[in-house]
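Undergrad: The structure that follows is given in the form of structure tokens.
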Amino acid sequence: MTLQPGKDGDSFVPAAARARARDCPDASTALVLGFGNVLLSDDGAGVRLLDRLRTEVGPHVADFVDGGTLSFTLLPLIQATDALLVIDAADLKATAGSIELFEGGAMDQFLATARRRSVHEIGLIDLLHVARLQGSLPPRRALLCIQPAHIEWSAALSEPVLQAFPDAIRQAQALLARWEIL
């Protein structure tokens with residue numbers, strides 16, 4: 001898979017996904033976005049989980065995109081899909097390693113009411129608002145969140161977050177199966 005840096009240099013999008021978003025606005029493939037900074041310990045959980053999910057289900061199942069720390073360059077990809085799964089670390093006000101899956105309106109509500117529970121959510125809600133205004137909000141959308149133990153300079157994930165990965169993978173696979181993507 002060929003990766004191209006986003007305009008801001010912090011996100012990488014598969015070249016094939018960029019081309020499909022540009023050339024085929026009615027595409028209906030699934031998009032799985034992982035957000036986070038892998039140099040900030042548990043903040044990188046979304047990106048790391050994205051990699052594990054891609055390995056488990058195979059890269060052909062969906063477009064798996066490392067959204068890094070988010071940018072508006074992801075908007076065409078979001079608009080070109082009808083099934084969007086976003087994976088990120090977020091403050092769920094829960095025990096480290098806790099997992100929450102928010103679907104459809106519940107995702108929208110969580111993002112709209114969360115007071116910056118994730119450093120990436122403000123950008124995500126903005127992207128979804130633009131897609132909604134342009135009539136291209138994915139009808140199937142979900143946000144899979146993992147409660148971080150800590151966010152500090154480190155490339156290592158905390159033990160509670162690592163231990164949550166198998167359950168998070170199962171939840172993501174179940175969602176994709178329910179959406180008839182697997």
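The values are calculated or read from the model by the stated rules, or taken from the named source; none is laboratory data. Remember, it's a predicted structure, so these values are computed and weren't measured experimentally. Every residue, glycine as well, gets a Cβ built from its backbone with ideal geometry; the counts of neighbours run over all protein chains shown.
Undergrad: Out of (1) modelled with pLDDT of 95 or more; (2) among the small types (Gly, Ala, Ser); (3) crowded, with 19+ Cβ neighbours inside 10 Å, what's the single condition that is false for Ala131?
TA: (1)
Undergrad: Suppose the filter is under 14 Å from the mean Cα position of the chain (by Cα), in a helix (DSSP H, G or I) and modelled with pLDDT under 90; does Ile169 pass it? Break it down into steps so the answer makes sense when it comes.
TA: Numbers: under 14 Å from the mean Cα position of the chain (by Cα): yes; in a helix (DSSP H, G or I): yes; modelled with pLDDT under 90: no.
Taking the combined requirement at face value, the residue does not satisfy it.
Undergrad: Just name the residue that is farthest from the chain's Cα centre (by Cα) out of those in region 86-114 that are among the polar types (S, T, N, Q) and closer than 25 Å to Gln163 by Cα. It would help to see each step written out before you state the result.
TA: Going through region 86-114, the residues among the polar types (S, T, N, Q) turn out to be 95, 98, 109, 113.
Narrowing the set further to residues that are closer than 25 Å to Gln163 by Cα leaves 95, 98.
Details: Thr95: 21, Ser98: 17 Å.
Looking at residues that are among the polar types (S, T, N, Q) and closer than 25 Å to Gln163 by Cα, I get Thr95.
Undergrad: Pairs, please: C-beta under 8 Å, at least 6 apart or cross-chain, first residue more than 14 Å from Ala155 (Cα to Cα) and in region 35-54, second assigned to a helix (DSSP H, G or I) and among the polar types (S, T, N, Q)?
TA: As it stands, the answer is Leu53/Gln173, since those pairs meet every condition given.
Undergrad: Any residue at all in region 32-51 that's within 26 Å of Arg170 (Cβ to Cβ), surrounded by fewer than 21 Cβ atoms within 10 Å (Cβ to Cβ) and modelled with pLDDT of 95 or more? Please lay out each step first, then the result.
TA: Of all residues in region 32-51, those within 26 Å of Arg170 (Cβ to Cβ) come to 32-38, 40-51.
Filter again for surrounded by fewer than 21 Cβ atoms within 10 Å (Cβ to Cβ), leaving 37-38, 40, 51.
If we keep only those that are modelled with pLDDT of 95 or more as well, we get 51.
For region 32-51, residues within 26 Å of Arg170 (Cβ to Cβ), surrounded by fewer than 21 Cβ atoms within 10 Å (Cβ to Cβ) and modelled with pLDDT of 95 or more: present.
Undergrad: Same structure, new question: Within region 93-101, can one find any residue that is surrounded by 23 or more Cβ atoms within 10 Å (Cβ to Cβ), among the hydrophobic types (A, V, I, L, M, F, W, C) and at pLDDT 95 or above? Full working, then the answer.
TA: The initial filter retains those residues of region 93-101 that are surrounded by 23 or more Cβ atoms within 10 Å (Cβ to Cβ), namely none.
Checked against the condition, which is being surrounded by 23 or more Cβ atoms within 10 Å (Cβ to Cβ), among the hydrophobic types (A, V, I, L, M, F, W, C) and at pLDDT 95 or above, region 93-101 yields no hits at all.
Undergrad: Now for a different question. What is the number of the single condition among (1) within 13 Å of Ala89 (Cβ to Cβ); (2) crowded, with 19+ Cβ neighbours inside 10 Å that Arg141 does not meet?
TA: That leaves (1) as the condition not met.
Undergrad: Among the residues of region 48-104, write down those that are among the charged types (D, E, K, R) and part of a strand (DSSP E or B).
TA: Asp63, Asp66, Asp88, Glu100, Glu103 - these are the residues of region 48-104 that are among the charged types (D, E, K, R) and part of a strand (DSSP E or B).
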